[in-house]
Amino acid sequence: MKTTRTIWSIATMILIASVVLAACGPAATPTAAPTEEMPEVGFAVMPGGALERAIKGEFTGTTVTVDGAFEGNDADGVKFAESMKAFEEATGITVNYIGNKEFEGSIAIRVGAGDAPDIVDFPQPGLFAGFVRSGNIVPVTEFISDAWLSQQYNPGWREFNTVDGVEAGVMHRYSGKSLVWYPKAAWDEAGYQIPETWDDLLALTQQIADDGDTAWCIGIESGAATGWPATDWTEDMMLRTTSLENYDAWVAGELPFNSPEVKKAIETWSEIWFNDAYVYGGRSSIVSTFFGDSPGPMFDNPPKCWLHRQANFITSFFPETAKYGVDYDFFYLPPVDPAYGKPFLVAGDLIAMFNDRPEVRALMEYFTTPQSVSGWLEGGGAIAAHQTATRDLYGSDLDWGVSQLVAGATSFRFDGSDLMPGEVGAGSFWEQITSYVAGSVELDAALQEIDATWPK
Amino acid sequence: MKSGKRQKQLGSLFVNGSLFLLTLVWTIPTMGIFVSSFRARDDIANSGWWKVLPYRDWQPVREIDPREAGLNPDEIMEIEGVAGTFDEFRAGIETPDGERITWIGNKRIGRLEVQERVWTVDWNFTLDNYKQVLGGQSFTFTRPDGTVQVVPGDNMSGAFLNSLSVAVPSTVIPILIAAFAAYAFAWMKFPGRRGMFIMIVALLVVPLQIALVPILRDYKALNLNGTFLAIWLAHTGFGLALATYLLYNYISTLPRDILESAFIDGASHFTVFTQLILPLSVPALASFAIFQFLWVWNDYLVALIFLGGNPEFELVTQRMAAIVGSRGSEWHLLTAGAFVSMALPLLVFFSMQRYFVRGLLAGSVKG
């Protein structure tokens, strides 16, 4: 009997301890008195806006809640917190980030329950467009002048956040996707040349095969999202083998998947993918290789494969010892048909405002400056969407180099599968293209299956 | 007589042998993760964890530069007494004295390696994964003025405390309520008892996911969202059906005589419950406590919905999800993370296992 009494008293003590622990919340932050003068800040400020008032101290002590698709304390979360420091110091406004990986599901629950966060960082414009159409988002043009936006952004970037003619959000940061990575040291030793055209690239691929190696490292396994690297290749080839109008029509669902244009784009990359002499491990290994592991053999000494097409975030999967400019470098995935110029595929995050309060407006204005991306620019991993970003803001030559490639492109388009409805862009497109690569369905059948899932 | 003894021996050998084999097969994946948790990311990516066991491999003894040796990879090459094409050399050609000559790399920058077959092990162990999981990752920023700053990430201690603050009350509260309920269902007579019990059993099959949105709305109205009380109540509700059912099964099998004698002595239901039922049902309480504790400790979904993504209230499971990075580039940290998050439930299990035995004895001997 004594032992049970001890158990219960221990249990009660732990219970009380945890209740006390839970009650120990954070203390309130002291507020500073507002000043009339405008202090010096490290970023550009739109004249006459809420940010200007915020810097004068009008909203000190307020909090702005931001939701997003990364965890508050993973690498992106730390970079976001770094990016917000300059704003918080200048205005005294606290930025409270509450996002997590289940964002895509939880944001609809939150908004539906009337608990919308103040600002949302959208990784997929498709999701954003839905909220714009349902009227939950306050368009930026209501409080940020057109002159300011056109000063901060290239007109092309402003199209990404325009839905049905309403410019609802602002682009924040992006990664460039039309990039091919190669092992620089071995590459120079072997004397290979960077290809300028698609024919050069195919010739190089054949040359590497003749020298006894497989040229490409390709892997598309990514758990539930298996197949997405193949959709990126398809988008890159769509931009290179047909007009931008056709690309936009395809993304909007007006040009079906089983049209000759889409088929041609997929067949263009299939030429490389389905040749066992060109792909490390052969076609059969593509579907089962984790996309993050696939560039690994490039860093063997000597390399087992020499080319890897992927967005700039892939460098976080490279071996820790590999150095940019020494062990690896990148080049622009060459155009196929010169008639379509030098297009560039990008994907990125855009920011939108749900609750209209002056301190939220101030933070939205801060997001139109490249300093709001400083965490990523200094820590690596993403590129500022603002045309006012300068070299000194970037912590590495790599990200700056990618941004210069994008600036030099004749056109750029957003990742198409991110813009398509979720059933297609994050569903049937991935599944069917994976089956096609695995060889279990024919291309025509796969494309018809994708068309059938497009919501009516 | 003798053959019978031998048969018995054979039998126990068979039982023990197959038990040993099963345990081995069962623990191999855990072993693999355990070994991997001490290996660096690049090592995990390049070779399997079983390479920590001795194995025979071809190791280079010396290198030959094919260009200096005047070899042309497009023709049949002859060196060290063996001859073959480029493809044959790439696969490796064994020399008569037991060595192997292998062409490493392609025709342009390749080299020839003379290799010897030796026993070897990969013992490059590191504590780095555990350091990053427990002490937090570090992030490097290159500032515009060229200085490099390292920003430390969150460590595990906060998440551990939060998980404890969630798991302990979420285990104790449902057990208390369920023990009362089970006693009432087993030993008290009241109208609708049968119907209510059937309802509780029926609730066992209702998945908790369908309750998330309605509860979230109610919490929103009550302003409970993102508080510990919210998640305690949620776990209590979700665990109550199973707890009541399990404890009912145990409590209803206690001998009727003890209770009756207590009632004759003038004991009230409350006295019987606290003085007799609770002490006698320690084994059942302990086994359900383990179930519930493990379930709450490993829960990700319920915590995510009711505690939100607020880093201040981050639990161990959420920390694990965050630690791999938004694209999963830090997946190797999960190996160490799995063992770190496993430590406490294991401790709970082993410390409560003692009470299983003691509780069983108390029930049978003193009964």
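The values are calculated or read from the model by the stated rules, or taken from the named source; none is laboratory data. What you see is a predicted model, and the numbers here were worked out from it, not measured in a lab. Here Cβ is always computed from backbone atoms with ideal geometry, including for glycine, and neighbour counts include all displayed protein chains.
Points worth noting:
- Residues located in the range B:311-342, provided they are part of a helix (DSSP H, G or I), within 11 Å of another protein chain (Cβ to nearest Cβ) and of a type in the set (Gly, Ala, Ser): B:321, B:322
- When residues of the range B:134-153 are limited to those that are in contact with a strand residue (DSSP E or B) (Cβ under 6 Å, 6 or more places away or on another chain) and among the aliphatic types (A, V, I, L, M), the one nearest to the other protein chains (Cβ to nearest Cβ): B:151
- Annotation note: of A:14, A:55, A:10, the sole residue that is at pLDDT below 95 and at the interface with another protein chain (Cβ under 8 Å from one of its Cβ atoms) is A:14.
- The range A:322-339 - residue that is in a loop (DSSP other than H, G, I, E, B) and away from every other protein chain (no Cβ under 14 Å) and, of those, surrounded by the fewest Cβ atoms within 10 Å (Cβ to Cβ): A:326
- Test: residue in the range A:180-200 that is touching a Lys or Arg at 6+ places or on another chain (Cβ under 6 Å) and either away from chain B (no Cβ under 12 Å) or crowded, with 22+ Cβ neighbours inside 10 Å (or both): yes
- Residue, modelled with the highest pLDDT, within the range A:58-81, restricted to residues that are under 14 Å from residue A:103 (Cα atoms) and of a type in the set (A, V, I, L, M, F, W, C): A:66
- Of the helices (runs of 4 or more DSSP H) entirely within the range B:172-263, those holding at least 2 residues that are in contact (Cβ under 8 Å) with a residue 60 or more places away in the chain occupy B:212-222, B:228-251.
- Residue count for the range B:156-167, restricted to those that are at the interface with another protein chain (Cβ under 10 Å from one of its Cβ atoms) and touching a residue at least 12 places away in the same chain (Cβ under 8 Å): 7.
- Checking A:260, A:319, A:343 one by one, the residue that is away from chain B (no Cβ under 12 Å), surrounded by fewer than 19 Cβ atoms within 10 Å (Cβ to Cβ) and either out of contact with any Gly (no Cβ under 8 Å at 6 or more places or on another chain) or over 17 Å from residue A:215 (Cβ atoms) (or both) is A:260 and no other.
- For the range A:58-76, the candidate set comprises residues that are more than 7 Å from chain B (Cβ to nearest Cβ) and among the small types (Gly, Ala, Ser); within that set, the residue that is surrounded by the most Cβ atoms within 10 Å (Cβ to Cβ) is A:68.
- For the range B:294-310, taking the residues that are under 19 Å from residue B:240 (Cβ atoms) and crowded, with 21+ Cβ neighbours inside 10 Å, the one that is nearest to the other protein chains (Cβ to nearest Cβ) is identified as B:305.
- For the range B:92-133, the set of residues classified as touching a strand residue (DSSP E or B) at 6+ places or on another chain (Cβ under 8 Å), farther than 30 Å from residue B:321 by Cβ and of a type in the set (A, V, I, L, M, F, W, C) consists of B:93, B:101, B:103, B:104, B:112, B:114, B:118, B:119, B:121, listed by residue number.
- Scan of the range A:283-321 for residues that are within 24 Å of residue B:104 (Cα to Cα), touching a residue at least 60 places away in the same chain (Cβ under 8 Å) and outside any helix (DSSP H, G or I), ordered by number: A:289, A:293, A:294, A:295, A:301, A:302, A:303, A:304, A:305, A:306, A:307, A:308
Residues are listed down the side, and each one gets a yes or a no for (1) surrounded by fewer than 16 Cβ atoms within 10 Å (Cβ to Cβ); (2) more than 14 Å from chain A (Cβ to nearest Cβ); (3) among the polar types (S, T, N, Q):
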site: B:9; (1), (2), (3): yes, yes, yes
site: B:14; (1), (2), (3): yes, yes, no
site: B:30; (1), (2), (3): yes, yes, yes
site: B:35; (1), (2), (3): no, yes, no
site: B:53; (1), (2), (3): yes, yes, no
site: B:61; (1), (2), (3): yes, yes, no
site: B:71; (1), (2), (3): no, no, no
site: B:77; (1), (2), (3): no, no, no
site: B:81; (1), (2), (3): yes, yes, no
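- Checklist (1) touching a Gly at 6+ places or on another chain (Cβ under 9 Å); (2) part of a helix (DSSP H, G or I); (3) of a type outside the set (A, V, I, L, M, F, W, C) applied to residue B:18, failing item: (1)
- Annotation note: of A:96, A:161, the sole residue that is more than 14 Å from chain B (Cβ to nearest Cβ), touching a residue at least 24 places away in the same chain (Cβ under 8 Å) and closer than 30 Å to residue B:328 by Cβ is A:161.
- Leading residue by the ranking (farthest from the other protein chains (Cβ to nearest Cβ)) among those in the range A:83-93 that are in a helix (DSSP H, G or I) and more than 18 Å from the chain's Cα centre (by Cα): A:91
- The one condition in (1) buried (at least 19 other Cβ atoms within 10 Å of the Cβ); (2) among the aromatic types (Phe, Trp, Tyr); (3) more than 20 Å from residue A:346 (Cβ to Cβ) that residue A:160 fails to fulfil: (3)
- Whichever residue in the range B:95-133 is more than 14 Å from every other protein chain (Cβ to nearest Cβ) and over 24 Å from residue B:47 (Cα atoms) and, among such residues, is surrounded by the most Cβ atoms within 10 Å (Cβ to Cβ): B:95
- The residues of the range A:99-123 that are part of a loop (DSSP other than H, G, I, E, B) and without any contact (Cβ under 8 Å) to a residue 24 or more places away in the chain, listed by number, are A:102, A:113, A:114, A:115.
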